[in-house]
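First up is the structure itself, then whatever we jot down about it.
The values are calculated or read from the model by the stated rules, or taken from the named source; none is laboratory data. All values derive from a computational prediction rather than experimental measurement. Here the Cβ is made from the backbone with ideal geometry for all residues, glycine too, and neighbour counts use every protein chain on show.
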Amino acid sequence: MELETLLYILVSGLVLGGLYALMAIGLSVVWTTIGVFNFAHGTFVALGAYIAWQVSSSLGGAPGFLLGAVIAPISLFIIGYALHYALIKPFERNPNIVLLSVITTLAAASIIESLIQLIWGPREKQIEAPVSGNLEVAGLSFSAQDILTFVVTLFILALLAWFLKRSGTGRAMRAAAQNREAAQLMGFNVTHLYALTIGIAAATAAIAGLFIGSIRFINPTFGVDPLMKSLIVVIFGGVAHFTSPILAAFIVGLIEAFSVYLFGLYWAPSILFGLMIIVLLIKPEGLFGFQRKTL
Amino acid sequence: MSDFLKIQGLGKSFGALRAVHDMSFSVGKGEILGIAGPNGSGKSTLFNLITKIPFPADSGQIFLDGKRIDRLSNTALTKLGVIRTFQREALFGSLSCIDNILVAVEQTSGVRGREAERLADEASDIVGFPKNFHNMPAAALPVFYQKQLMITTAVAQNPRVLLLDEPASSLIDSEIDWVRDAIMTLNKRGITILLIEHILSLLTGVSDRLLVMEQGQKIALGDAAEVIRDPVVIEAFLGKPQ
Ligand SMILES: Nc1ncnc2c1ncn2[C@@H]1O[C@H](COP(=O)(O)OP(=O)(O)OP(=O)(O)O)[C@@H](O)[C@H]1O
Ligand SMILES: [Mg+2]
């Protein structure tokens, strides 16, 4: 393999990994904070992409994309926040909450999917990328949209890390995640903090949707793949630390990019699953540990 | 002494169990009121009812400095300076000590940012909680320092009335002495203190007066030395003499 080819595969793997990280981080933060797997997370990505498409296509060009990048996450934040009260809050004292929330979030996923179909129809759409052409770096040329995607993805992840670590609200979210009883005992508004968590997760999903929608076509069932990829990343990497699923996402992205090049698009998923099963056989708690539930 | 904190007919039932029943007493400004009673006599519940954390009373009235406060929200009570600690270690183990103090200050009194950090620093100085522990996870601290952290957290919320729920339980003698000194230091700063404690020497050592509870009711209130000689109190703790 030539060095140039290797570099291109590396870059496409990193761009892909960044997107997977952005999708998975919402799933992981909700899991570590509330202790449920949100199976509607994929449809959050899809709904975010459709709202962004609606906004960007009516305005057009880079300003349209920019406005979509603002409105889609805000809308999804509100939807996610409200959905906490419908999907999770009613069952919070039930010992079977993990299983019950699988059902309620799956139900929400199928309802959102039908709504998308109802509002936007079954035809495929694509969000117009705000930048076009290539960037020349040291004699190599990279797609400008790929670079933008990568930079924004990293920025959002860093922003989220900063928010959780340094802001007062983030601190309260970590506290409620770590010791719900103590948080309640001390009079924190835990329900609000949990709803915020889902809202923020949904907003990051929307940004992922915006970028995926600008490099691929979107259709109403478009959320299935992001959900699958996020689950793989979270189980593969574990959630011992905020960065665990992020690192795992980049590994998954790179594996995918290389196996597409070496074995073709057709075999890439099988290779990914094969490697994942091997990792989980050796380290059932995930690559970076699953047990310690912290953010 | 003036009635700084006045409790009137406070009550709370859990089903058929009267955890606190028709409780009335007053605490003077700057006073230390000790509270004793057998296990399950309703001491911690009394603190819950006064602070509304985590739940309010079924009946009764509470006055602070002449103003009725039992209808206020628990955050409003915190802002007024009615602050409590918890009997169980109510800490966030994976969060750093400073985050533990900050999150309580931010969530309960609504103070944020630099001001919250200033309060946390000031409280650590007052209590004597070592600042080189600030960036360690709370779970990594020995129990004694976890207790210090809980008191520091309470002090950072600017208490005028501080309710301490067994701050010295499971500590050794030298550590209990530290708790005694800390209580006296806080009291000298003008903080009115209600102290629940099973360690009688600590309780009688610092308290101006002693309140004894049994089955949710007040059975004695007065000078500590007299109260512990009261036959009714002795019976409550030791059972009826044969
Ligand atoms: N949330 C609750 N639900 C039901 N019963 C409760 C609740 N909280 C307290 N109780 C009951 O109320 C009674 C008083 O409890 P409380 O914790 O106030 O006692 P205490 O005097 O603090 O005891 P200890 O010295 O053991 O701490 C007990 O019988 C207890 O079981
Ligand atoms: Mg108690």
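Comparison of B:202, B:194, B:164, B:186 shows that the only residue that is part of a helix (DSSP H, G or I) and within 16 Å of ligand 1 (Cβ to nearest atom) is B:202. Residues in region A:182-190: is at least one closer than 19 Å to residue A:77 by Cα, in contact with a helix residue (DSSP H, G or I) (Cβ under 7 Å, 6 or more places away or on another chain), surrounded by 15 or more Cβ atoms within 10 Å (Cβ to Cβ) and aliphatic (A, V, I, L, M)? Yes, region A:182-190 contains at least one residue that is closer than 19 Å to residue A:77 by Cα, in contact with a helix residue (DSSP H, G or I) (Cβ under 7 Å, 6 or more places away or on another chain), surrounded by 15 or more Cβ atoms within 10 Å (Cβ to Cβ) and aliphatic (A, V, I, L, M).
Within region B:31-41, take every residue that is at pLDDT 95 or above and farther than 15 Å from residue B:169 by Cβ and give me the one that is nearest to ligand 1 (Cβ to nearest atom). If we take residues in region B:31-41 being at pLDDT 95 or above and farther than 15 Å from residue B:169 by Cβ, then B:33 is nearest to ligand 1 (Cβ to nearest atom). For region B:177-188, the set of residues classified as under 18 Å from residue B:146 (Cβ atoms) and over 16 Å from the mean Cα position of the chain (by Cα) consists of B:177, B:178, listed by residue number. Annotation note: of A:213, A:274, A:238, the sole residue that is without any contact (Cβ under 8 Å) to a residue 12 or more places away in the chain, of a type outside the set (D, E, K, R) and out of contact with any strand residue (DSSP E or B) (no Cβ under 6 Å at 6 or more places or on another chain) is A:274. Of the residues making up region A:194-252, those that are in a loop (DSSP other than H, G, I, E, B) and aliphatic (A, V, I, L, M) number 2.
Looking only at residues in region B:156-182 that are touching a residue at least 60 places away in the same chain (Cβ under 8 Å) and out of contact with any strand residue (DSSP E or B) (no Cβ under 6 Å at 6 or more places or on another chain), the one that is farthest from ligand 2 (Cβ to nearest atom) is B:158. Filtered by the rule that a residue be buried (at least 22 other Cβ atoms within 10 Å of the Cβ) and more than 7 Å from chain B (Cβ to nearest Cβ), region A:171-181 gives A:173, A:176, A:177. When B:83, B:98, B:53 are checked against the criterion of being more than 22 Å from residue B:188 (Cα to Cα) and either away from ligand 2 (no atom under 16 Å from the Cβ) or among the charged types (D, E, K, R) (or both), a single residue qualifies: B:98. Number of residues in region B:116-148 that are assigned to a helix (DSSP H, G or I) and within 11 Å of chain A (Cβ to nearest Cβ) equals 4. With the condition kept exactly as written, say whether any residue in region A:146-166 is out of contact with any strand residue (DSSP E or B) (no Cβ under 9 Å at 6 or more places or on another chain), among the small types (Gly, Ala, Ser) and within 14 Å of chain B (Cβ to nearest Cβ). The answer is no; no qualifying residue exists. Residue-level check: of (1) within 14 Å of another protein chain (Cβ to nearest Cβ); (2) farther than 26 Å from residue B:21 by Cβ, residue B:81 misses just (1). If you go through region A:39-64 and keep only what is touching a Pro at 6+ places or on another chain (Cβ under 9 Å) and either surrounded by fewer than 23 Cβ atoms within 10 Å (Cβ to Cβ) or farther than 25 Å from residue A:24 by Cβ (or both), you end up with A:61, A:62, A:63, A:64. Looking only at region B:133-167, how many residues end up being farther than 20 Å from residue B:80 by Cβ and not assigned by TED's automatic domain parsing to the domain that holds residue B:117? Final tally of qualifying residues: 2. Contact annotation: residue pairs with Cβ atoms under 7 Å, 6 or more positions apart or on different chains, pairing a residue in region B:84-98 that is more than 7 Å from chain A (Cβ to nearest Cβ) with a partner that is at pLDDT below 90 and surrounded by 23 or more Cβ atoms within 10 Å (Cβ to Cβ), are B:84/B:53.
A search for C-beta distances below 9 Å between a residue of region B:33-57 that is away from chain A (no Cβ under 14 Å) and among the charged types (D, E, K, R) and any residue that is near ligand 1 (Cβ under 7 Å from one of its atoms) and assigned to a loop (DSSP other than H, G, I, E, B), counting only pairs 6+ apart in sequence or on different chains, returns B:43/B:37; B:43/B:87; B:43/B:166.
Here residue A:263 clears all of (1) among the hydrophobic types (A, V, I, L, M, F, W, C); (2) at pLDDT 85 or above; (3) surrounded by 14 or more Cβ atoms within 10 Å (Cβ to Cβ) except the condition numbered (3). Every condition in (1) within 14 Å of ligand 2 (Cβ to nearest atom); (2) small (Gly, Ala, Ser); (3) at negative phi holds for residue B:37 except the one numbered (3). Which pairs do you get when a residue that is of a type in the set (D, E, K, R), found in region B:123-135, comes within reach of a residue that is surrounded by 12 or more Cβ atoms within 10 Å (Cβ to Cβ), reach meaning Cβ atoms under 8 angstrom, with the pair 6+ apart or on two chains? Within 8 Å, the pairs are B:131/B:121; B:131/B:124.
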